[in-house]
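What follows is calculated from the coordinates using simple rules that are stated; it is not laboratory data. Nothing here was measured: the structure is a model prediction, and the numbers come from that model. Methodologically, a virtual Cβ is constructed for each residue, glycine included, from the backbone with ideal geometry; neighbour enumeration extends over all protein chains shown.
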């Protein structure tokens, strides 16, 4: 009996969301649809330029943990905050979702990470992230017993930006595999893939990572090709299991020679795409750790993603378990 279904590891970030138009992005040199890493000075500038804003605990893996818990599965999270107001907000929010979170803060500097997220009328989000305390996540923050008792340990590719986090991830993978558990990662975004393509491929080919999540753009970037079928073939060869999201076209699940195409759910209006990929991973992993067939896992992922993009913010505002039961998936 496992104490946890899914342990996620990521940058503990408080999201500050505001609406804007495409002209604002252009005038302020913001790459649309990407996660742009910024320093403290740039963070202060962008915050001063924001219109009315909404604060919400976020971070890719934190969103996934919250989604896993919303499905009624047992979730845990590793991520570093500071002893400041945003840190308190993050701690409260993730624990209130029912997620085990005990990573200790070490003082007030660097401050808790924050991401200024500008949402354009098409629902696309452009993230500008100051990593702050995230960069201090290291092997000393690994809770060995939690890793050993989690069916799947999942981490975000963004963690390859703060260097000490790499050591923590490799230690978690060692512990997980020593206890017969599995590991998983999301490629995070195509710009992240461009920065760490060789390292990501090594993680997959060495067996350090068992399950990979990507979207179409990330898969193409990983293999430096414009041939999507070729990217899928290579991805299936490089890892045990992969799930590739296709926005409104759903997702494709790959395991060896097996292929499962899953449709997206019907959505009345896309309000904010923040967290869509994170919640897809949550649904998939909630199903996977419950022993569901792969096509059902994919359907649970699409359900969660479809729900989160219909409201503002990266975390579900309804019970995903109730939605899954209503859809006949749980």
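Of all DSSP beta bridges in segment 206-317, what percent run antiparallel (nearest 5)?
65
Sorted by packing (mean other beta-carbon atoms within 10 Å per residue), highest first, where do 307-315, 138-146 land?
307-315, 138-146
Grab the Cα-Cα distance for residue 167 and residue 226, subtract it from 0.36 nm times how many residues apart they are, and report the gain in nm with one decimal.
Contour length minus the Cα-Cα distance gives 18.0 nm.
How many percent of the alpha carbon pairs in segment 100-193 exceed a separation of 17 Å?
On the way: 2602 of 4371 pairs.
More than 17 Å apart: 60 percent of the Cα pairs in segment 100-193.
Note down the nm distance, to one decimal, between modelled labels 7 Å out along Cα→Cβ at residue 21 and at residue 140.
That separation, rounded to one decimal, is 5.1 nm.
Taking semi-axes √(5λ) of the Cα gyration tensor in Å as the quantity of interest, determine which of (1) 27, 23, 20; (2) 29, 24, 18; (3) 43, 31, 18 was computed from the displayed structure.
(1)
Please compute the modelled spin-label separation between residue 47 and residue 32, points set 7 Å along Cα→Cβ, answer in nm with one decimal.
That separation, rounded to one decimal, is 2.7 nm.
How high is the relative contact order of segment 1-156, in percent, with contacts defined as C-alpha pairs under 8 Å that are six or more residues apart?
Here the relative contact order equals 41 percent.
Whole Å is fine, so just give me how far the alpha carbon centre of segment 1-64 lies from that of segment 139-176.
Cα centres, segment 1-64 to segment 139-176: 22 Å.
Give the calculated FRET efficiency between residue 311 and residue 261 to the nearest 0.05, with a Förster radius of 22 Å applied to their Cβ-Cβ distance.
Calculated value: 0.25.
Between residue 85 and residue 102, what is the label-to-label distance in nm when each label sits 7 Å out along the Cα-to-Cβ direction?
3.0
Sort 32-42, 56-66 for me by packing, meaning the mean count of neighbouring Cβ atoms within 10 Å per residue, highest on top.
Order by mean packing, descending: 56-66, 32-42.
What percent do you get for the relative contact order of segment 1-78 when only Cα pairs under 8 Å and 6+ apart count?
In percent, rounded to a whole number, it is 59.
So which residue, out of 244, 147, 270, gets the largest mean-square fluctuation from a GNM of the chain using Cα contacts under 10 Å as springs?
270
Give, as ranges by residue number, the residues of segment 111-146 whose backbone N falls under 17 Å from the point 7 Å along Cα→Cβ of residue 195.
Inside the label zone: 113-117, 126-138.
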